[in-house]
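Single-structure report; data block below.
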Amino acid sequence: MKVSELIAVLQTLQQDATIKVVIPVPGREHLGGGYLKEISEISEAYDQDTNRLNYGIVITEYQPD
């Protein structure tokens, strides 16, 4: 997802909304496809192959079963 696309989505949300991420788990489609966890932080990662700065979502509370 491009930053501009994310900004467009974020602008439609209530300012006090909590954003969560689905961590996919095969075989758990009946549970919505995985675990729903809050975003802990957004980290920067420089890709030397493409010479681009990318961003990643960090989940620190994730504990797989």
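Just so you know, all these numbers are worked out from the coordinates, no wet-lab data involved. What you see is a predicted model; the values in this text were computed from it and never measured. For neighbour counting, all protein chains shown are included, and Cβ atoms are generated from backbone atoms with ideal geometry for every residue, glycine included.
Residues SER40, SER4 in ascending order of nearby Cβ atoms (within 10 Å, fewest first): SER4, SER40.
With a Förster radius of 25 Å, plug the Cβ-Cβ distance of ILE19 and LEU53 into 1/(1 + (r/R0)^6) and report the FRET value to the nearest 0.05. Don't skip to the answer; put the middle values down first.
Values: r = 21 Å, r/R0 = 0.85.
It comes to 0.75.
In plain terms, the chain from SER40 to ALA8 could stretch by 9.4 nm, reckoned as 0.36 nm per residue minus the Cα-Cα distance.
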